[in-house]
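Taking it in order: structure first as structure tokens, then the write-up.
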Amino acid sequence: MFRTIERVLPGSTYRDVAIVTITIIAVALSYGAISAVSGFPWWQTLLLAMFALGGAAEFTFVGVIAAGGAPILAVLAGLLVNSRNFAFGVAVGPFFPQDWRALIAAHWINDESIAIARTVGTDRARWHAFLLMGAAIALMWPSGAMVGQWLGNVIDADLLGLDAAFPIILFCLIRGDLKNRSTLMLTVAGVLVSVLLTPILPLGLGAVTSLSVFVFVAAGWSIRTVIRKRRGGTAADAEDSQEGSR
């Protein structure tokens, strides 16, 4: 059994999953502590961690409520932050199974599971890596949040800066993809948009705006496709006219 697993996933994948899981536990402690300080009972913290399972969405929801915002605004803000999962859904399409398993595994789509899946080559290995990271998150994020909730009066989440672990680890995981010039350019553009808008927009929404670069990419691809079709049609018409003159 273990030999079969080793053939599907390299040992480095298990190492990456272990490192990311440690950071997940650290950030979950921070989320649980912030939730406790904000006045959320343990069962609300747990349910939010289990069903949202988005990290940033939970922080945004708790932050809006703690700041005195209406619950409906907190929900809308959390949904907007988690709208980044649309792009993640497109990324997993090529290796996700087209059956009932995709409906269940869709709940595990997030930053970390996608980043880990991108570190392996084949679609089968990506599916297994995604499941491994997704299961670790589904287990350790709620568990860490509960520990943080119980220790909320002891842990100073802002002082420790535990939430900084996420972007650092994710950057290390995607550094291989940045060797592609197009990916690097899109990443830099998204970072600039996010950094410029973060001081203006509510907490957590600045990062979501980085997805707007894909709108310009899609528009560019559409324009290029139209131009190519017109050029192809013009060339075909020219050939037909030449044959007709002959």
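The values are calculated or read from the model by the stated rules, or taken from the named source; none is laboratory data. Every value quoted in this text rests on a predicted model; they were computed, and no experiment measured them. Because the Cβ atoms are built from the backbone with ideal geometry, glycine has one as well, and the counts that use them run over all protein chains shown. Calculation scope for accessible area: heavy atoms of the full protein, side chains included, ligands and nucleic acids excluded. Shrake-Rupley method; radii C 1.70, N 1.55, O 1.52, S 1.80 Å.
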I need a count of the residues in segment 38-63 that are farther than 22 Å from Asn85 by Cβ and buried (at least 18 other Cβ atoms within 10 Å of the Cβ). 1
Can you spot a residue in segment 75-83 that is small (Gly, Ala, Ser), under 19 Å from Ile109 (Cα atoms) and surrounded by fewer than 18 Cβ atoms within 10 Å (Cβ to Cβ)? yes
If you check Pro71 against the conditions, is it touching a residue at least 12 places away in the same chain (Cβ under 8 Å) and exposed (fewer than 13 other Cβ atoms within 10 Å of the Cβ)? no
For segment 143-156, give me each residue that is part of a helix (DSSP H, G or I) and either buried (at least 21 other Cβ atoms within 10 Å of the Cβ) or modelled with pLDDT under 85 (or both). Gly144, Ala145, Gly148, Gln149
So is Asp111 out of contact with any helix residue (DSSP H, G or I) (no Cβ under 7 Å at 6 or more places or on another chain), open to solvent by less than 70 Å² (accessible area, probe 1.4 Å) and of a type in the set (D, E, K, R) or not? no
With segment 157-246 as the region, which helices (runs of 4 or more DSSP H) entirely inside it contain at least 3 residues that are under 22 Å from Gly54 (Cα atoms), at pLDDT below 65 and of a type in the set (A, V, I, L, M)? 165-174
